[in-house]
Amino acid sequence: MKAQATCFGAGTIVNAIATGRGAAFGLALRATAIAEVRPKEEGILIRVPPGVDPALAEGCARRVLRRSRRKAGLAVTVDSEIPISRGLKSSSAVANAIVLASARALGLELEPLQIINMGVDAALEAKVTITGAFDDACASFFGGIVVTDNGARRLVKVDRFPPGLMAVVQIPKREITKPSLSGKDFSVIRAKVDEAYRLALQGDYFHALEVNSAAYGPVLDIDETPARRARAAGAVAAGISGAGPAILALVKPAHVEAVVRSLTDGESEVRVASLNTVESREVTV
């Protein structure tokens, strides 16, 4: 049996690193996993793009295979258009896609939060997340806006942005890995991030995104100037996504071209993407 699943990345409203509570939204940049059962083999065979650490993929597939109690092997192939270590939730999208495809290939029925939690566990084990990224994983899987308590792995609120918004993303060449954040003191911005979280709970997502970005920028050593340029060009909100260094702007269609120009610096890649509001679905091959 073989199955394919596609899940999407996400953007940050509130980064959970400082407080353990976060908010995120679905972004239509995709990651796809194909899982195939190997009846006469044992163990996990992983194929990932060059330069990508297979530890996360292996951990996801291993958890599903163990849960299925099947005496078989599992081969998993991953393809993703989401840049890694830029704050666009590539790990969450890949983990969700692998767990979903593996479960379907093995004939294992899992509820959405079971799928998400398996991926979160594997991400923690692989050290590609600090908080478990439950907020990012939920936004990746469910689409729309999610507000979460990552420590309790609790989905606090689900919502959507007003219709018609697009995302314009500036993707610098610089990568920010999770291990590189280990020496940073995020406690100094806890009050500001709490404020951003309160705004998100109240539904003031645009303001929350910008308060969060202003708090994290100095700690992460990320210049918010591109975000300010995007706002001046007509973005309804703009700021750092995740631990960066990507800058993400939410834009009405009439302002997309102007915001793209404002984020074009001759070095970074700039992408325009739709927002994802659809729950992940698998396609059986």
- Over the range 166-274, what number does the Rg to Rh ratio reach, with both radii from the alpha-carbon atoms and Rh per Kirkwood? 0.98
- Query: Angle between the Cα long axis of helix 90-105 and the longest principal axis of the chain, 0 to 90 degrees, nearest 10?
  - Reply: 30 degrees
- Table column - 3J(HN,Hα) (Hz), the range 61-78, Karplus curve with 6.51, -1.76, 1.60, x for Gly and Pro: 5, 4, 5, 5, 4, 5, 5, 6, 6, 7, 8, 7, x, 9, 10, 10, 10, 10
- Mind listing the phi-derived Karplus ³J(HN,Hα) values for the range 223-229, rounded to whole Hz, using 6.51, -1.76 and 1.60 with θ = phi - 60°, and x for any glycine or proline? 6, 7, 3, x, 5, 5, 5
- Got a sec to turn the phi values of the range 186-194 into Karplus ³J(HN,Hα) couplings, 6.51 cos²θ - 1.76 cosθ + 1.60 with θ = phi - 60°, whole Hz, x for Gly and Pro? 8, 5, 5, 10, 4, 5, 5, 5, 4
- Message: Once you place label points 7 Å from the Cα toward the Cβ at Ala152 and Ala232, how far apart are they in nm?
- Response: 4.3 nm
- Message: Please compute the volume of the convex hull spanned by the alpha-carbon atoms of the range 2-160 and report it per residue in Å³.
- Response: 94 Å³
- Task: With an 8 Å cut-off on Cα pairs and a minimum separation of 6 or more residues, tell me the relative contact order of the range 138-280 in percent.
- Result: 34 percent
- Query: Which of the lysines could a cross-linker span from Lys2 if the Cα-Cα distance has to be under 25 Å and same-chain partners fewer than 8 positions apart are dropped?
  - Reply: Lys40, Lys71
- Note on the structure: Rounded to the nearest 5, the percent of antiparallel DSSP beta bridges in the range 166-274 equals 100 percent
- Message: When only alpha-carbon atoms are used, what values of Rg and Dmax, in angstrom, describe the range 71-200?
- Response: 16.2, 50
- If you keep only loop residues by DSSP, which trypsin sites (Lys or Arg not before Pro) in the range 6-86 have at most 11 other Cβ atoms within 10 Å of their Cβ? Lys40, Arg69, Lys71
- Task: Would you grab the residues whose amide H sits under 5 Å from the one on Val156? Only those 5+ places off in sequence or on another chain, please, with H modelled 1.01 Å from N.
- Result: Val147, Thr148, Asp149
- Out of residues 5 or more away from Ala237 or on other chains, whose amide H comes under 5 Å of its own, with H placed 1.01 Å from N in the peptide plane? Leu250
- On a 0 to 90 degree scale, rounded to 10, what angle separates helix 205-220 from the longest Cα axis of the chain? 90 degrees
- Separation between the Lys127 and Asp79 pseudo-spin-labels, each 7 Å from Cα along Cα→Cβ, expressed in nm? 3.2 nm
- Net lengthening on full extension, Thr277/Lys173 (0.36 nm per residue, minus Cα-Cα): 34.6 nm
- Amide H contacts under 5 Å for Arg21, placed H, 5+ residues apart: Asn150
- So how do Met1, Met118 line up by other beta-carbon neighbours within 10 Å, fewest first? Met1, Met118
- Contact order relative to length of the range 2-160, as percent, for alpha carbon pairs under 8 angstrom and 6 or more apart: 30 percent
- Please list, or write none, the lysines whose alpha carbon is within less than 30 Å of the alpha carbon of Lys252, excluding same-chain residues fewer than 8 places away. Lys89, Lys157, Lys173, Lys192
- Query: Can you give the calculated 222 nm mean residue ellipticity of the chain, where each DSSP H run of n ≥ 4 adds -39,500 (n - 2.57) and the sum is split over every residue, rounded to the nearest 500 deg cm²/dmol?
  - Reply: -10500 deg cm²/dmol
- Query: Roughly how large, in nm² to one decimal, is the mean projection of the convex hull of the alpha-carbon atoms in the chain?
  - Reply: 13.8 nm²
- Hey, with R₀ at 51 Å, roughly what FRET efficiency would Asp53 and Arg198 work out to, going by the Cβ-Cβ distance, to 0.05? 0.90
- Message: Around Thr77, under 12 Å between beta carbons, what's the net of Lys plus Arg minus Asp minus Glu among the other residues?
- Response: 0
- Query: For Asp265, Asp79, what's the fewest-to-most ordering of other Cβ within 10 Å of each Cβ?
  - Reply: Asp265, Asp79
- Extending each Cα 7 Å along its Cβ direction at Arg160 and Ser182, get the distance between those two points in nm, one decimal. 4.3 nm
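Any read-out appearing in this document is the output of simple, stated calculations on the displayed coordinates, not a laboratory observation. Only a predicted model underlies this, so the values are computations on that prediction, with no experimental measurement involved. Using ideal geometry, Cβ is built from the backbone for each residue, glycine included, and neighbour counts are taken over all protein chains shown.
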